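Notes follow the structure.
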Amino acid sequence: MGYKGEIVNVPREIAYKELLPAQLALYPTPENVALFETERKLLVDRPQISPFVMQCRDYLKTIVLQIPINLKLKDWSLTKDNIRVALRRIVCFFFVNLIFMF
């Protein structure tokens, strides 16, 4: 939903059923805003990342990617295109320039 100390708007049902009982959120009272003032100042320096990007990153960390290989080739090596094809098979579409190999 947001970073610690960030003020966000969420639907009332989600707040009452999920966030407030689990103590994952607080009402933005003046006392609570003052309590998280230092975290809010740190948010200005932090690059803003979409929650969708965080979900995508977490999903990619959990998958085991099956790379299709051509056994007829003697000198086969892993390339960015092999990774792109494997990701496309699990319905993840990426540009080749976004795939980094170490």
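Quick note: the coordinates plus some simple rules give every number you see, no bench work behind them. If you're wondering where the values come from, they're calculated on a predicted model, not measured in any experiment. Methodologically, a virtual Cβ is constructed for each residue, glycine included, from the backbone with ideal geometry; neighbour enumeration extends over all protein chains shown.
Tabulated results
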item: Rel. contact order, % - alpha carbon contacts under 8 angstrom, at least six apart, the range 56-100; result: 31
item: For semi-axes √(5λ) of the Cα gyration tensor in Å, calculated from these coordinates, the label among (i) 56, 19, 12; (ii) 23, 15, 10; (iii) 43, 16, 10; result: (iii)
item: Cα lying deepest toward the dipole's positive end in the chain, options 28, 48, 16, charges on Cβ; result: 48
item: FRET efficiency, residue 81 to residue 53 (Cβ-Cβ, R0 25 Å, nearest 0.05); result: 0.60
item: Mean ellipticity per residue at 222 nm, deg cm²/dmol - from DSSP H runs of n ≥ 4 across the chain, formula -39500 (n - 2.57); result: -10500 deg cm²/dmol
item: Nearest-0.05 FRET efficiency for residue 92 and residue 69, computed from C-beta distance (R0 25 Å); result: 0.85
item: Rounded to whole Hz, the Karplus (6.51, -1.76, 1.60) HN-Hα couplings of the range 97-102, x for glycine and proline; result: 6, 8, 9, 10, 10, 10
item: Derived scalar couplings ³J(HN,Hα) [the range 71-78; Karplus, 6.51 cos²θ - 1.76 cosθ + 1.60; whole Hz; x for Gly, Pro]; result: 6, 6, 7, 7, 9, 9, 9, 6
item: Test item: Cα-centred dipole of the chain, Lys/Arg +1 and Asp/Glu -1 on Cβ, debye; result: 640
item: Protection-proxy order for peptides 78-91, 54-67, each taking the mean of Cβ atoms within 10 Å per residue, highest first; result: 78-91, 54-67
item: Degrees, to the nearest 10: 51-62 long Cα axis against longest axis of the chain; result: 50
item: Length-normalised contact order of the chain in % [C-alpha pairs under 8 Å, at least 6 apart]; result: 20
item: Residue-wise HN-Hα coupling along the range 88-95, computed from phi with Karplus coefficients 6.51, -1.76, 1.60 (Hz; x: Gly, Pro); result: 5, 5, 9, 6, 10, 9, 9, 6
